[in-house]
Amino acid sequence: MAASGRGGARAKLRAHFLANVGRTMNSDELREVAGGITEWARRVRELRNEEGYQILTHNDRSDLRPGEYLLEDPKPIPAFAREISKEVRAIVLDRNGFTCQMCGAVAGETHPYDPSRKTRLHIGHIIDKSKGGTDDPANLRALCSVCNEGAQNITLMRPDLKQLLVQIRRARTEDQIAALAWLIKKFPRQASELVGRGDS
C-alpha cells in the first residue's frame, strides 16, 4: 500500500511538471498535487534522480527562490536506477547505528531540526553514482529525510572563494568550461553585467 501511495504521488507530480514545462511552481502547489503527503519533496527528488527529469531549484538558477521548482525540458536524461538490496540497506543502517550520518538524528525519534515529524532514515551515496560511486556498503551511509532532501546540511562546510578557486584551477579544462557554463546559466544577469564592464 505504501509503495502504491509513493508511486501515485510521483505519477501525479510527473504529470503536473510535464503539463507545466517552463512554469515556476512552489512547494505548496506541489504538496497539494502530491495529495498532501509529507514526503512530496522526496518524490520530486526521485523524478530528478531516478527518472532523469531536470527539475531546477534555487541551487541551479539564481532567479528561483528556495521552495521553487522549474522543469525546463520535458525530455529526461538517462538516470541511474536504484539497486540497493534490502540486505545492503540493513548492513548500512546497522553499521551507522540507525543514526543520520549528517545531523545525528535517530530513527523513530522526533527530528531535532523538524519537530513536526519523526526521523526516517534512507540510504545515500557518499560518492554519487554519476561521479563513479558504487552501491558497495563502503560508499553508502544512513541519512534522515531532512538531510536527504537537502533541507539541512549542517555538517558540510560551504567552501569559500579561495577553496573554490583552488578546485577550479586544478580541474580539467573541459570541466572548468562546464562550470563556467553552469554559473552563466545560474547567474545570467550578473554574467551580462560583468561582460559589459569588461571584468575577467
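The values are calculated or read from the model by the stated rules, or taken from the named source; none is laboratory data. Predicted model only: the values in this text are computed from it and were never measured. Glycine gets a Cβ as well: all are built from the backbone with ideal geometry, and neighbour counts include every protein chain shown.
On the basis of being in a loop (DSSP other than H, G, I, E, B), modelled with pLDDT of 90 or more and within 20 Å of the chain's Cα centre (by Cα), does PRO74 make the cut?
Values: in a loop (DSSP other than H, G, I, E, B): yes; modelled with pLDDT of 90 or more: yes; within 20 Å of the chain's Cα centre (by Cα): yes.
Taking the combined requirement at face value, the residue satisfies it.
Just checking, how many residues over segment 90-110 are closer than 24 Å to GLU50 by Cβ, free of Cβ contacts under 8 Å to residues at least 40 places away in the same chain and surrounded by 14 or more Cβ atoms within 10 Å (Cβ to Cβ)? Adding up the residues that qualify gives 1.
Within segment 24-82, being touching a helix residue (DSSP H, G or I) at 6+ places or on another chain (Cβ under 6 Å) and of a type in the set (Ser, Thr, Tyr) holds for TYR53, SER62.
For segment 111-135, a residue qualifies if it is under 22 Å from ARG48 (Cα atoms), of a type in the set (D, E, K, R) and either in contact (Cβ under 8 Å) with a residue 12 or more places away in the chain or part of a strand (DSSP E or B) (or both), and the qualifying residues are ARG120, LYS129, ASP135. Within segment 33-46, if we keep just the residues that are under 11 Å from the mean Cα position of the chain (by Cα) and modelled with pLDDT under 90, the residue that is surrounded by the most Cβ atoms within 10 Å (Cβ to Cβ) turns out to be ALA41.
Within segment 59-70, residues that are surrounded by 13 or more Cβ atoms within 10 Å (Cβ to Cβ) and among the charged types (D, E, K, R) reach partners that are part of a loop (DSSP other than H, G, I, E, B) and at pLDDT 90 or above with beta carbons closer than 7 Å, at six or more positions or on different chains, in the pairs GLU68/THR24.
Restricting attention to segment 174-196 and to residues that are basic (Lys, Arg) and surrounded by 12 or more Cβ atoms within 10 Å (Cβ to Cβ), the residue that is nearest to THR57 (Cα to Cα) turns out to be LYS186.
What are the residues in segment 162-174 that are assigned to a helix (DSSP H, G or I), more than 21 Å from the chain's Cα centre (by Cα) and at pLDDT below 90, if any?
Restricting attention to segment 162-174, the residues satisfying the condition of being assigned to a helix (DSSP H, G or I) are 162-170, 173-174.
Subsequent filtering for residues that are more than 21 Å from the chain's Cα centre (by Cα) retains 162-163, 165-170, 173-174.
Listed by number, the residues that qualify are LYS162, GLN163, LEU165, VAL166, GLN167, ILE168, ARG169, ARG170.
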